[in-house]
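Peer 1: Pasting a structure below so you can have a look.
The values are calculated or read from the model by the stated rules, or taken from the named source; none is laboratory data. Since the structure is predicted, the reported quantities are computational estimates derived from the model, not experimental observations. Virtual Cβ from ideal backbone geometry, glycine too; neighbours counted across all protein chains shown. Each accessible area value is taken on the protein alone, full model and side chains, heavy atoms only, with ligands, DNA and RNA left out. Shrake-Rupley method; radii C 1.70, N 1.55, O 1.52, S 1.80 Å.
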Amino acid sequence: MSGFKLVVISVMTILICGLAARSESLAAFDESVQADVTVSGSIVDESAGVIPGATVNLLRQNSATRSTTSKADGTFGFESVAPGTYVLRAEIAGFETYQTTIVVGQEPVARLKMTLRVRALETDVTVEADEPADAFSTSASNGATLRMDDDFRRALPIVANDFLGVVGNFFYPGAQGSQGNSVIIDGVEGDQIEVPSAAIGTVRLNRNPYSALYQHPGQARVEVSTKRGRRSRYDGAFEMSDRNSLFAARNAFATSTQDLNRRLLQPTFGGPLPGRKSSFYFTGQRFVHDESAVVNAETLTGPAVANVPTSHDHNSIFARIQAWPDALNTITGTYGFSGHEYSNRDAGGFNLAERGVAAERQKHTLTLSHRLLRASNWQNDFLFGFIDQEDHAGSAATAPAIDVNDAFSSGPSPSFTRANRRSFNVENTARYLGRARHSLLFGGRLRSDHVDAFDASNFAGTYEFADLQAFAGRTPLFFRINRGDPNAAFSVYAANGYVQDEIRVKSQLTLTFGLRYDWQSTTSDRNNFAPRFAFAFAPENHKKTIFRGGAGIFNDDLTRSAIEKSLLLDGVRLREVVISDPSFPNPFSSGADVSQLPSTVRVAPGIRSPYLSEASFSVERELRQRNKLTAEYSWFRGTHLFRSRNINAPLPATDLRPDPSFLNINQVESSAFLHSQALTISWRGRLGKLFQPYAQYVFSKTTNNMSGTFSVPANNYDLRAETGPADEDARHRFNMIGVVALPRGFQTGLVLSVSSGLPYDITTGFDDNNDTVANDRPAGITRNTGRGPGTAQLDVRISKSFAVVRVQDGGQQQRRDTFDLIVDVFNAMNRTNFKAVVGDMSSPFFGRANVAAAARTVQFSARYTLRR
């Protein structure tokens, strides 16, 4: 354990012991505190006009309801309100009821502004209790937090199935774990957003960066809350969109415009159930994406450039039932289904048309949750989640595949995999708002994953050639083939616990202490304590400037793919045979047979759990008109990160291998590191009444010594040359999303992403050290020495909303439906954005890219929203 980790754990131990020793005295102090907090505010309509005479109720479990009436100027107030959690409700004839949940502490509560909408236009928003959204709370959102509600998100040009691709631009790569970004949907953690886009409600990015509730840092975590049905009315919507090649530009590497046809159909319906103490919500999505992948390769007959038809069908549904037995209890059940079908997947780039494969994925998700507000100060959240996912890709190959490194790949695809994964997740979190300026959070989670895996990939073998000249001379470098039983089953269990205390030292200073512990059954490492600390300080009475900072440790897990590979490719159940300098086209004509030494994948004995140490300091300044500018410096250090190393490679200057019974032993071990620093400037707010932007600029540097869990170094016995820029090390990144209100009811949404170039590795394309991997580098060249070109993309949405007035009940009531017409232009500047630069010196593409992102496309959409 590092010294930093020991010091922080020691401080946390002293703090927790001290809190435990003082628990009785704090409880006695709590009883002696005389509550004298006022809850006040004003009630207005949508035009900001005051509403007098509205009935305002303040409800609290096990306490009498307090009521008052708004005055002539629309104001109301409750004096001597004891600390706790309350439901505040306002109602008056002609307007829909407004209800929200508030948390009262020892400090004065900010004045509330409650906007009531005319009954025919009401949106029935119910805000349930969450973590206190105090301006000085170290756990609440800050100026660098990206928060998108449904209206803001719908105004942006976002492809239906690529919402994560937009918000992912704001992730900080140095904060990602071994399995990528962390995606949390209604409390269930995953790696994708697969619910229909219409079901997405509120999206938050970089919220609570040092909260002990979460395993991963806020800079690489997105939290999605799905929608619910209203209790006051029925709502429905139908959305359809189409994008085709009529207005599309030609891809930079294609000889003609690609065939393109994208269609989206999405119905939505929701509303109250009988009794109006519960509601339902249902939406489905049918997304068909037919396009062409661009093959850009070099063969013996010259360039091979072609548009290969591909398709991706995505069907998904989401259903939610939510019940409120009373004002302080909420019960929710959700079901989601996501099904993907692909044809000719993997074709394009160096892969010729025959390398395309068919693939399917089906995923079922079920969640049950219960939120309880009780004993005035307590909130308890219970969550149960179940996920069943089945994947299938490829089929049995009938002939060997051919790979000419970074020139072309032909023959049938060697991929043939299936997997079924079932996950159970149980979590309980309790929050307590103490009267002595303490806000406690504690809980835990249990998770089990069972995987049935099948991997019959490369059972027909693959020839690997160094370059086109070797292919012309029929002299391959290697022939690789797998043999054995392709089935394996395993289970992974994980558990964690967390405790956090947020202390308001005074009105201008808040401190947060947290401690988390993570356990995983697949490693023997049990020293996985993760202390967290954060502070917020406002030096001025008007609190326009806030200093924030924190430090913490974030543990990571061993990936399921590493476990799966080590169980399958163990040299007994399934073994890989590698033949150097084989005969072609029959690798066994020279006398070699499948009794050659096998290769295997192993997980290192005593492998450690990786962890990321993070520290940051920021200055947040509130400008006029609700604009916030935040400057933050962050420091990251990754320790015991995963990498692979061939521990059976030939010893230097010899052909001898340490274990003569194996050829290669690729061992997954926790020996890599990461160092990263970043300066982030964020701007969130409004420019007048027209422009609502969120912009972020990041200047950063990230260094590590690995390129993923399964990549092996060029020299397995000397890792010094592996230290270099991380694969995702873009030094400058600027991202902005925003909505512009135009005259006559038009609206424009913008998504702008600009980035400097990414590094790439320079290799010779040959295997001079005889470790059967052609990733050797020229003398004196370290990893990721090259640097590719920058990228820039602007997407634009122009929309116009029309009101459709329907008269009901003999003209006594009116309902306003809406009809939206939308035009999206993706890559509006039609800039060529290269995806990757080839670093193989033996390749005809050395120093340049052969794949580019999509050129400009135009999409037309229509949406009808029905209110009843």
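Peer 1: Can Ala453 be described as assigned to a strand (DSSP E or B) and surrounded by 17 or more Cβ atoms within 10 Å (Cβ to Cβ)?
Peer 2: In short, yes.
Peer 1: Go through region 621-646 residue by residue and tally those that are open to solvent by 50 Å² or more (accessible area, probe 1.4 Å) and either free of Cβ contacts under 8 Å to residues at least 60 places away in the same chain or of a type outside the set (D, E, K, R) (or both).
Peer 2: Number of matching residues: 7.
Peer 1: Against the condition open to solvent by less than 20 Å² (accessible area, probe 1.4 Å) and either in contact with a strand residue (DSSP E or B) (Cβ under 6 Å, 6 or more places away or on another chain) or at pLDDT below 65 (or both), how does Val103 come out, does it pass?
Peer 2: Judged against the criteria, Val103 is not a match.
Peer 1: From the list Phe547, Phe554, which residue is of a type outside the set (A, V, I, L, M), in a strand (DSSP E or B), under 21 Å from Ser616 (Cβ atoms) and open to solvent by 10 Å² or more (accessible area, probe 1.4 Å)?
Peer 2: Phe547
Peer 1: Go through region 718-746 and give me each residue that's among the aromatic types (Phe, Trp, Tyr) and touching a residue at least 40 places away in the same chain (Cβ under 8 Å).
Peer 2: Phe746 - this is the single residue of region 718-746 that is among the aromatic types (Phe, Trp, Tyr) and touching a residue at least 40 places away in the same chain (Cβ under 8 Å).
Peer 1: Here's another thing I want to ask about it. Among the strands (runs of 3 or more DSSP E) contained in region 323-402, which hold 1 or more residues that are among the aromatic types (Phe, Trp, Tyr) and surrounded by fewer than 21 Cβ atoms within 10 Å (Cβ to Cβ)?
Peer 2: Ranges flagged: 329-345, 378-394.
Peer 1: Which members of region 687-710 meet the condition of being part of a loop (DSSP other than H, G, I, E, B) and surrounded by fewer than 17 Cβ atoms within 10 Å (Cβ to Cβ)?
Peer 2: Scanning region 687-710 gives Gly688, Lys689, Leu690, Gly708, Phe710.
Peer 1: Are there any pairs, at least 6 apart or on different chains, whose C-beta atoms fall under 9 Å, with the first in region 681-692 and on the phi > 0 side of the Ramachandran plot and the second among the basic types (Lys, Arg) and modelled with pLDDT of 85 or more, and if so, which?
Peer 2: Every condition considered, the pairs that remain are Gly685/Lys628.
Peer 1: Which count do you get for residues in region 26-82 that are hydrophobic (A, V, I, L, M, F, W, C) and either in contact with a strand residue (DSSP E or B) (Cβ under 6 Å, 6 or more places away or on another chain) or at pLDDT 85 or above (or both)?
Peer 2: Of the residues in that region, 13 qualify.
Peer 1: Moving to a separate point now. Quick check on my filter: what residues within region 564-584 are open to solvent by less than 20 Å² (accessible area, probe 1.4 Å) and out of contact with any Phe, Trp or Tyr (no Cβ under 6 Å at 6 or more places or on another chain)?
Peer 2: Leu568, Gly571, Leu574, Val577
Peer 1: Quick check: is even one residue across region 417-428 within 19 Å of Ile481 (Cα to Cα), open to solvent by 40 Å² or more (accessible area, probe 1.4 Å) and not in a strand (DSSP E or B)?
Peer 2: no
Peer 1: Return a yes/no flag: does region 152-162 have any residue that is outside any loop (DSSP other than H, G, I, E, B) and open to solvent by less than 10 Å² (accessible area, probe 1.4 Å).
Peer 2: Looking for residues that are outside any loop (DSSP other than H, G, I, E, B) and open to solvent by less than 10 Å² (accessible area, probe 1.4 Å), one finds none in region 152-162, hence no.
Peer 1: Right, another one. Pro789 passes all but one of (1) at pLDDT 95 or above; (2) closer than 18 Å to Ser707 by Cβ; which number fails?
Peer 2: For Pro789, the exception is condition (2).
Peer 1: Looking only at region 261-276, count every residue that is under 17 Å from Arg228 (Cα atoms), part of a strand (DSSP E or B) and open to solvent by 40 Å² or more (accessible area, probe 1.4 Å) and tell me the total.
Peer 2: Here the count works out to 2.
Peer 1: Note down all Cβ pairs under 8 Å where the first residue falls in region 497-510 and is among the aliphatic types (A, V, I, L, M), the second is surrounded by fewer than 16 Cβ atoms within 10 Å (Cβ to Cβ) and not in a strand (DSSP E or B), and they're at least six residues apart or on different chains.
Peer 2: Listed by first residue and then by second, the contacts come to Val499/Ile16.
Peer 1: Follow-up question, since we're still on this one. Answer with yes or no whether Gly757 is on the phi > 0 side of the Ramachandran plot and not in a strand (DSSP E or B).
Peer 2: no
Peer 1: Which of the residues belonging to region 518-534 are among the acidic types (Asp, Glu) and modelled with pLDDT of 95 or more?
Peer 2: Within region 518-534, Asp518 is the sole residue that qualifies.
Peer 1: If you don't mind, there's one more thing I want to ask. Being surrounded by 15 or more Cβ atoms within 10 Å (Cβ to Cβ), among the aliphatic types (A, V, I, L, M) and farther than 20 Å from Tyr717 by Cβ is the requirement here; does Ala672 meet it?
Peer 2: no
Peer 1: If you check Arg733 against the conditions, is it open to solvent by 40 Å² or more (accessible area, probe 1.4 Å), farther than 30 Å from Gln667 by Cβ, basic (Lys, Arg) and not in a loop (DSSP other than H, G, I, E, B)?
Peer 2: Against the criterion (open to solvent by 40 Å² or more (accessible area, probe 1.4 Å), farther than 30 Å from Gln667 by Cβ, basic (Lys, Arg) and not in a loop (DSSP other than H, G, I, E, B)), Arg733 does not qualify.
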